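FYI, it's all coordinate maths here, none of it is from the lab. Since this is a predicted model, take the numbers as computed values, not measurements. Methodologically, a virtual Cβ is constructed for each residue, glycine included, from the backbone with ideal geometry; neighbour enumeration extends over all protein chains shown.
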Amino acid sequence: MGNRTPLYPLHVDAGARIVDFGGWDMPLAYGSQLEEHRAVRESAGMFDVSHMTVVDLAGEGVADFLARLLANDIGKIEGTNRALYTCMLNEDGGVLDDLIAYHRGPGDYRLVVNAATREKDIAWMRRQAGGRAVEITERADLAMLALQGPDAREKAAALLPADQREAALAMKPFTAGDYGDYFVARTGYTGEDGWEILAEGNAVIAAWRVLAAAGVRPCGLGARDTLRLEAGLNLYGSDMDETTTPLESNLGWTVAFDPPGRDFIGRAALERQKEAGVPRRLVGLVLEGKGVLRNHQTVLAGDAAVGEITSGGFGPTVGGSIALARIDAGAEEPLTVDIRGRHLPVRIVRPPFVRNGEVKV
C-alpha cells in the first residue's frame, strides 16, 4: 500500500483504477481516459494532485535564498501576488526539479514541487539554506485540486465566498491569492485555463463533492499525461532530469541571466554551455502516418541515430501520434523514428501541439 491522499476513498467509490505513482495510490482513470481528456478540452475536469509537495518558506533571508536557489528570478514576483515557473538546478546545471513559486506576502513564499522528488528537494533546500534566516516548512496538511478546462473557473467559483468570486475570476494567469478556505492559483498542467486550489483535506473533500455535483468530471493521471503532452509541457524524469540542463530541455525561457550579479546555483555551468554551444535540443515531433510514438524510441537522420523520444503517445485532440524528443542540435529533417524496426517519418514542430483547445500543428 502506498501513500494516499484525503480524496482516496472518493476515488475508490467512483470506481477509479488505482495505480502506484511515485509511491502514491492514485487514480489512473475513472472509466474512459479519452472522455476525461475531452472533458477538459471542451468543458471542465478536476484532478486530485494532492500527492504534490507543498513547501512554505518564510523569514528575513528568504528572498535572497530563493534568488540563489532558483534559476528564474524570484525578484520578478516580489511584492506581488504572482506565480513563477522555474527549475531548481545542481551545480552542473542539471535539473533537480521543476516547480512553481508563489509570493504570498513580505518574506512569505510557497513552492509546489513534484511528488517523486519530495525527499531530495527538501533535503537540498535545507542544505542550501544553512546559516540563512529562512524557515522551511513542508505543508503535508494541505491537499490540492486542479480544475482545468474552459468552464472550470466559472464552475469552481461556487466554492468561494460570494463576495470574493468576482475578484477570483478576475485573476490573471499565473497569479494567486487566498479566498475563504482556499489558496487559489490560476495555473495548471493541461494547456487549458483553470485553477489549482490548495486547502486542508476536509475542505478539499467538500470541494470535490460540490464540483462533481456541478458536472465537473473527475479525471485521472492518464488524461493528465495526454493533456500535458499535447500542451508541450515537460514531465520531470522523462523530458528533463539531473543529467540535462534547461537549455537542452526547451526551458531556456525559465532561466534568468539578468541581473548579471545574481549567482544562482548552476549559473556558471549554463554560461559555459551557452558559450560552447548547447549540444542538444528538445523538439516536438508529429508522426506522419500510422503508428504510436513511445518513450525511448530512437530518432534517426538516415541511418544515424540523432536522438531519443522522451515523451510520446497518441494525442486525442491532435488525432495522431505526437512526442517530445531530445535530438542533436544540428539534426535536420528528414527524420524518422524506429518503431519496432520500421523507420517511420516524423515532422519537427514547435510545441505546444494544442493550446486552449486549438490544434497548433
Computed magnitude of the charge dipole of the range 246-359 (debye, nearest 20; Cβ of K, R +1, Cβ of D, E -1): 280 debye
Count, lysine Cα pairs under 29 Å in the chain, 8 or more residues apart or across chains: 8
Cα-based Rg / Dmax (Å) for the range 1-152: 17.4, 51
Rounded, prolate or oblate (a/c below 1.5 giving rounded, otherwise prolate when a/b exceeds b/c) for the range 290-361 by Cα gyration tensor: prolate
Structure-based [θ]222 nm, the chain - -39500 (n - 2.57) summed over DSSP H runs of at least 4, per residue, nearest 500: -6000 deg cm²/dmol
Segment residue 303-residue 1, extension gain: residue separation times 0.36 nm, minus the distance between their alpha carbons: 104.1 nm
Of the trypsin sites (Lys or Arg not before Pro) in the range 296-361, those whose Cβ has at most 11 other Cβ within 10 Å and which sit in DSSP loop: 340
Local electrostatic count, residue 175, Cβ distance below 11 Å [Lys/Arg +1, Asp/Glu -1]: +3
Kirkwood hydrodynamic radius of the chain, Cα pairs, Å: 21.3 Å
Percentage, to the nearest whole number, of Cα pairs in the range 87-219 over 25 Å apart: 32 percent
The range 54-138: C-alpha gyration tensor shape, a/c 1.5 cut-off, then a/b vs b/c: rounded
Gyration tensor verdict on the range 210-330 (Cα atoms; rounded if a/c is under 1.5, prolate if a/b is larger than b/c, oblate otherwise): oblate
Extension gain, residue 128 back to residue 140 (0.36 nm per residue minus Cα-Cα distance, nm): 2.2 nm
Rotationally averaged projected area of the range 321-361 (alpha carbon convex hull; nm²): 3.5 nm²
Sparsely packed GluC sites (Glu not before Pro) within the range 262-337, loop by DSSP, other Cβ within 10 Å at most 12: 332
Which of 198, 300 has the fewest Cβ neighbours within 10 Å, and the rest in rising order: 300, 198
Taking 343, 37 and counting other C-beta atoms within 10 Å, the order from fewest to most: 343, 37
